[in-house]
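The values are calculated or read from the model by the stated rules, or taken from the named source; none is laboratory data. Since the structure is predicted, the reported quantities are computational estimates derived from the model, not experimental observations. All Cβ positions, glycine included, derive from the backbone under ideal geometry; neighbour counts span all protein chains shown.
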Amino acid sequence: MPDVVAKVALIQPYKHSPATNVWNRSAPPAPLVLIHDGGGTTFCYHFLGYLGRPVYGIDNPHYDSGKAWEGGIPEMAREYLKAIKGVISSGDFIIGGWSFGGLISLELARQLQEENTKAPKWFKKLRLIGIIMIDTVCPLVQTASLLPVVDHSMEWSKHTRQETKDRIMRCFAEAMRMVSKWELPVWTPSNDSGNSLHEVEGGLRNPPPIILLRAQDYVPVAQEGISRIDIHRRDSLLGWGMYHEDIITKAIDIPGHHFSIFSAGNLSTTTEAIKAALCELELICSSLLSKNGLQGSVQKE
């Protein structure tokens, strides 16, 4: 168990109004839970425009202590899932994150799917209707890059304290260590559909639909080569086809490079892309539930 328990903090409350109530319902839309990036914080998410639903964030509880996650990404996802259940005990939700946060989301989705499979049918389950990966690059590499891979120099605000820089860089190092040892989730088939994505109990897909937001530009580097985060930049799916050809439901290109998509100049576009992804996931969920004669929080009332 970690020394400090993971916490789910509210970033944006839901403001019910005719303008935001696109589904004409009384209940709030499915909440969005955003997981921290490799730096360990949810700082960037607090600058997003209003997303029309409750938005929560999870920071790395080891940010201050620097303690390693001995169980790696699976342990981290397990603790975060437990924290989410403390806030959203049942019903629909959407999860996502920038960069490393997207990887944790994928692992968490797999663990939740396994739990729900084992739970009795009468049990009120927590149902994940989709994942939003914000420029999350697939960690698999099949061929070497044509250009040398070089380190990216972090750009800090003049107001950033040294202790903050140290903690962020320590989290980045730990994230890279965990990714290097992580085995991507293997999804348990519920029928004879082989390796293709399919619908499972509850009417939703296994794994859930994933919307990928892809930065269009390369990270500037001081020498010839590319940043490690840009190894799959030319690929519209950022390498995820190597993991599973059908894993990404839709990719949305956004302006900027990996480290600038939350900058002031790109923030409004990133916000709109996330809103579009949320809408897409709810439409997919509504269609699948209607097809299976089921109801959920995204169903029109």
- Task: Return the only residue of Ala109, Ala83, Ala68 being over 30 Å from Ala264 (Cα atoms), at pLDDT 90 or above and in contact with a Leu (Cβ under 8 Å, 6 or more places away or on another chain).
- Result: Ala109
- Query: Can we say Arg170 is at pLDDT 95 or above and not in a loop (DSSP other than H, G, I, E, B)?
  - Reply: yes
- Note on the structure: Per the filter on region 173-197, residues in a loop (DSSP other than H, G, I, E, B), among the polar types (S, T, N, Q) and at pLDDT 50 or above are Thr188, Ser190
- Query: Counting just the residues of region 75-111 that are touching an Asp or Glu at 6+ places or on another chain (Cβ under 6 Å) and assigned to a helix (DSSP H, G or I), which one comes out farthest from Lys181 (Cα to Cα)?
  - Reply: Gly101
- Message: Could you list, ordered by first residue, the pairs with Cβ atoms under 9 Å in which the first is in region 74-89 and over 15 Å from Glu114 (Cα atoms) and the second is among the acidic types (Asp, Glu), at least 6 apart or interchain?
- Response: Met76/Glu107
- Message: Of all residues being in contact with a helix residue (DSSP H, G or I) (Cβ under 8 Å, 6 or more places away or on another chain) and at pLDDT 95 or above in region 8-29, which is surrounded by the fewest Cβ atoms within 10 Å (Cβ to Cβ)? Just the residue, please.
- Response: Ile11
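Out of curiosity, is Glu224 within 30 Å of Leu112 (Cα to Cα) and part of a loop (DSSP other than H, G, I, E, B)?
Details: within 30 Å of Leu112 (Cα to Cα): no; part of a loop (DSSP other than H, G, I, E, B): yes.
Criteria not met by Glu224.
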- Pairs with Cβ under 8 Å, 6+ apart, first in region 116-127 and closer than 13 Å to Ser90 by Cβ and modelled with pLDDT of 70 or more, second surrounded by 14 or more Cβ atoms within 10 Å (Cβ to Cβ) and of a type in the set (Lys, Arg): Asn116/Lys125; Asn116/Arg127; Ala119/Lys125; Leu126/Lys85
- Taking region 88-106 as the search range and keeping residues that are modelled with pLDDT of 95 or more and hydrophobic (A, V, I, L, M, F, W, C), which one is farthest from the chain's Cα centre (by Cα)? Phe93
- Message: Checking the structure you have, find out if any residue of region 198-206 is among the aliphatic types (A, V, I, L, M), at pLDDT 90 or above and not in a helix (DSSP H, G or I).
- Response: no
- Cβ pairs under 7 Å, 6+ apart or interchain, first in region 223-242 and in contact (Cβ under 8 Å) with a residue 60 or more places away in the chain, second of a type in the set (Lys, Arg), ordered by first then second residue, are Leu238/Arg214
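Here is a yes/no grid of residues against (1) surrounded by fewer than 16 Cβ atoms within 10 Å (Cβ to Cβ); (2) at pLDDT 95 or above:
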| position | (1), (2) |
| --- | --- |
| Ile254 | no, yes |
| His257 | no, yes |
| Leu267 | no, yes |
| Thr270 | no, yes |
| Ala273 | no, yes |
| Leu283 | yes, no |
| Gly296 | no, no |
| Glu301 | yes, no |
- Find the residue count for region 36-69, including only residues that are of a type outside the set (Gly, Ala, Ser) and not in a loop (DSSP other than H, G, I, E, B). 8
- Taking the condition touching a helix residue (DSSP H, G or I) at 6+ places or on another chain (Cβ under 7 Å) and touching a residue at least 60 places away in the same chain (Cβ under 8 Å), does Ile261 pass? yes
- When residues of region 143-154 are limited to those that are aliphatic (A, V, I, L, M) and exposed (fewer than 12 other Cβ atoms within 10 Å of the Cβ), the one modelled with the highest pLDDT: Leu146
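Determine which member of the set Cys138, Cys171 is touching a Gly at 6+ places or on another chain (Cβ under 8 Å) and farther than 26 Å from Glu224 by Cβ. Quick ask: steps written out before the conclusion?
Working: Cys138 fails: farther than 26 Å from Glu224 by Cβ.
Of Cys138, Cys171, the one residue that is touching a Gly at 6+ places or on another chain (Cβ under 8 Å) and farther than 26 Å from Glu224 by Cβ is Cys171.
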- Note on the structure: Checked region 155-168 for anything exposed (fewer than 15 other Cβ atoms within 10 Å of the Cβ), of a type outside the set (Asp, Glu) and in contact (Cβ under 8 Å) with a residue 60 or more places away in the chain; matches are none
